[in-house]
Amino acid sequence: MGDPTLSNQRNQSAPATPRLNLPSRMSDSSFHLENVPSRSMHINRLLNSSYNSSPSRTIYSDRFIPSRSGSNFALFDISNSPTSAEGKEDGSGTYHSLLRAALFGPDTPDKKDPLGPPASRNIFRYKTETKRPLHSLSPFGLDESVPGISHSPVKAPRKVPRSPYKVLDAPALQDDFYLNLVDWSSNNVLAVGLGNCVYLWNACSSKVTKLCDLGIDDSVCSVGWAQRGTHLAVGTSNGKVQIWDASRCRRVRTMEGHRLRVGALAWSSSLLSSGSRDKSIIQRDIRAQDDFASKLSSHKSEVCGLKWSYDNRELASGGNDNKLFVWNQHSTQPVLKYCDHTAAVKAIAWSPHLHGLLASGGGTADRCIRFWNTTTNTHLSCMDTGSQVCNLVWSKNVNELVSTHGYSQNQIIVWRYPTMSKLATLTGHTYRVLYLAISPDGQTIVTGAGDETLRFWNVFPSPKSQNTDSEIGATSLGRTTIR
């Protein structure tokens, strides 16, 4: 096979081979490196090298190189090249084979080494990133036991019922754009002017009461409840303003000052403002003996819209001269004038959410809702609704408002402010929706039209929950008459 001389010389010149620390039942002769495959040559060189030949001490490695066979290198854009990774893993496998043969014999089956760490528990193994739902990003995770943490999905947009929950027949309800014949009190009583009479409808009991009859020579042109209490102001076609105590069905006072019909009324505590076809606005203190305290004469045509701000500091007036004026408590001339509308301005509403935010709507030739900041005297935005704007009212529960319309669609629209996106469009009236009032809880509106009907709609959420139904709407269905 080979030259024995050369073999003896090689054995004499080679340094002493370090012996393996084998169990006593095993001998060197029973351990043959020749049984290891050709890939184990690297291990042979390590075992026979002179690096570990020092008999004085045992050399230990100062580095720990983990096995990364289970690592996900692609997650970090690291290429795990076969030449480097597979070579190291093969070498590690050969070492474990040698160790198994030395400890348990060469015939030990090739199975997973119990001494080595399991691949699935490799501390350098990274989990594959997957998309997680939004609620899993919470620092509380998915622990349902944590109080106050809700894992419910995002709520769907609020749905507004498309049909009225109650309809009242209102015979002789006039089809006149410049009148204001419906108002809802803080005590949940609705006042309606029908012809020459005023009727009261209690929203809690559905009881109807006839408050007054003006006679055949006069008619009701406007009604307006005081902010608190049971006093109702009634504007007449003869230019007079009557104050009634609704709780006792008794007239308290009659005030003069206008020459023509009084179509608009607005309360500010004990101060009552009235607007007339004679183009004037009269300020009245009902505690004083005089019929009025001051007269404002800046409009050039009939005054058809009046609204005090929620802080009772500013009065907005709209007229058939297409003008919108803003007055303070003591001014005799408007402090602000807005002339952008191109038709009569009857629809006026102050925002209960932002001081100085005023909305106004124009008639048939205008069709626009405009927003103003009376604090900075700026025009904020304009929305073309496509039809005559008859009324506006702002929700006190959410930042939304309702507009009612006449020619040509006779619709009711619920808007979200400031985006002015439509939440709902309500239809049902066959004539112009000229009258609008809101319930004291801010959830229900009532609309009136020349079709001689009053319709009640649940359009706004309650202050506590934006998904609960109105108590009024839940108990009243059907059609009845108000007189």
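How about the stretch 272-290: which of its residues are of a type in the set (Val, Ile, Thr) and open to solvent by less than 20 Å² (accessible area, probe 1.4 Å)?
Ile281, Ile282
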Review point. Would it be correct to say that Arg158 is of a type outside the set (Asp, Glu), on the phi < 0 side of the Ramachandran plot, surrounded by 15 or more Cβ atoms within 10 Å (Cβ to Cβ) and modelled with pLDDT under 95?
Key: yes
Point to revise | Selected residue (only one of Ile369, Ile282, Ile348 is hydrophobic (A, V, I, L, M, F, W, C) and within 17 Å of Ala226 (Cβ to Cβ)) | key: Ile282
**Study point:** In the stretch 172-188, residue farthest from the chain's Cα centre (by Cα) [restricted to those that are small (Gly, Ala, Ser) and closer than 17 Å to Val198 by Cβ]
**Key:** Ala172
**Study point:** Inter-residue pairs, beta-carbon under 8 Å, first among the acidic types (Asp, Glu) and in the stretch 248-262, second open to solvent by less than 100 Å² (accessible area, probe 1.4 Å) and part of a loop (DSSP other than H, G, I, E, B), 6+ apart
**Key:** Glu256/Gly239; Glu256/Lys240; Glu256/Asp291
Check your understanding: Scanning the stretch 227-263 for residues that are buried (at least 18 other Cβ atoms within 10 Å of the Cβ), over 18 Å from Leu179 (Cα atoms) and of a type in the set (Gly, Ala, Ser), which turns out nearest to the chain's Cα centre (by Cα)?
Key -> Ala246
Check your understanding: Is it true that Val345 is within 22 Å of the chain's Cα centre (by Cα), among the β-branched types (Val, Ile, Thr), under 23 Å from Gly263 (Cβ atoms) and at pLDDT 95 or above?
Key -> no
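The values are calculated or read from the model by the stated rules, or taken from the named source; none is laboratory data. All figures in this text were calculated on a predicted structure; none of them were measured in a lab. Heads up, the Cβs are rebuilt from the backbone with ideal geometry, glycines too, and the neighbour counts pull from every protein chain shown. For the accessible areas, the whole protein counts, side chains as well, though only heavy atoms, and no ligand, DNA or RNA atoms are used. Shrake-Rupley method; radii C 1.70, N 1.55, O 1.52, S 1.80 Å.
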